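Student: This is the structure I want to talk about, given as C-alpha cells.
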Amino acid sequence: MFFGKTGGYMVTEKELEEHKKRFEKCRRALYALGNDSRQDLCQILIMHSNGLRAAELARMANLSRSVTSHHIQILKDAGIVKARKEGTFIYYYLDIECTVSDQMIEYFQSAKKILKELPDRSGE
C-alpha cells in the first residue's frame with residue numbers, strides 16, 4: 001500500500017502488479033524503439049505505407065542491407081513491423097493494427113496515474 005499526495009490510500013499492491021504486467025507486454029517494443037536506427041526505419045516506413053523492400057530501406061536509412069535486416073527482424077519480433085511477400089520480393093511495413101502501441105499507451109497512462117499520486121520529489 002502506498003499513500004498519495006493527500007495522505008490517503010491511493011495505489012495498491014495489486015495496481016502496481018498490474019502496472020508491472022503492462023510493462024512486460026511492452027518490453028520488446030521499448031527495446032526495439034530504443035535504437036536510433038530502428039527509430040529511423042520506423043519513420044521511413046510511416047512515410048511509405050505500402051511498404052518497402054530491405055534494399056530500399058537500407059538505402060534510405062544509409063545502412064547496410066545486413067544491418068537493416070537485423071533491425072527489421074527486431075522490429076518484427078516486437079510486433080511493430082510486418083512483412084508481405086509479392087513474388088520474390090518481401091515488403092516491410094508498420095503494423096497499423098499494432099496492439100503493441102495500445103499496450104504502450106496503457107502502460108504510460110498507468111505510469112502517469114501512479115506518478116501523480118507520489119509526493120513531489122523535485123525539491124522545489
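The values are calculated or read from the model by the stated rules, or taken from the named source; none is laboratory data. Everything quoted here is computed from the prediction, not taken from an experiment. All Cβ positions, even for glycine, are placed from backbone atoms using ideal geometry, and neighbour counts span all protein chains on display.
Conditions tested, residue by residue: (1) within 12 Å of Y92 (Cβ to Cβ); (2) modelled with pLDDT under 95; (3) not β-branched (V, I, T).
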| site | (1), (2), (3) |
| --- | --- |
| T6 | no, yes, no |
| K14 | no, yes, yes |
| R22 | no, yes, yes |
| R27 | no, yes, yes |
| Q39 | no, no, yes |
| L52 | yes, no, yes |
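Student: Which pairs do you get when a residue that is within 23 Å of R27 (Cα to Cα), found in segment 97-124, comes within reach of a residue that is surrounded by 13 or more Cβ atoms within 10 Å (Cβ to Cβ) and modelled with pLDDT under 80, reach meaning Cβ atoms under 7 angstrom, with the pair 6+ apart or on two chains?
Tutor: Pairs that qualify, where the first residue is within 23 Å of R27 (Cα to Cα) and the partner is surrounded by 13 or more Cβ atoms within 10 Å (Cβ to Cβ) and modelled with pLDDT under 80, are I114/V11.
Student: Could you please find all residues in segment 30-48 being exposed (fewer than 13 other Cβ atoms within 10 Å of the Cβ) and more than 25 Å from E106 (Cα to Cα)?
Tutor: Within segment 30-48, just M47 meets the criteria.
Student: May I pose another question? Restricting to segment 93-102, name every residue that is crowded, with 17+ Cβ neighbours inside 10 Å and either out of contact with any Ser or Thr (no Cβ under 9 Å at 6 or more places or on another chain) or polar (S, T, N, Q) (or both).
Tutor: Scanning segment 93-102 gives a single hit, V100.
Student: Sticking with this structure for a sec: Kindly indicate whether N62 is more than 21 Å from E86 (Cβ to Cβ) and modelled with pLDDT of 90 or more.
Tutor: yes
Student: Follow-up. For segment 73-104, how many residues are over 16 Å from Q39 (Cα atoms) and at pLDDT 90 or above?
Tutor: Going through segment 73-104 one residue at a time, the tally reaches 9.
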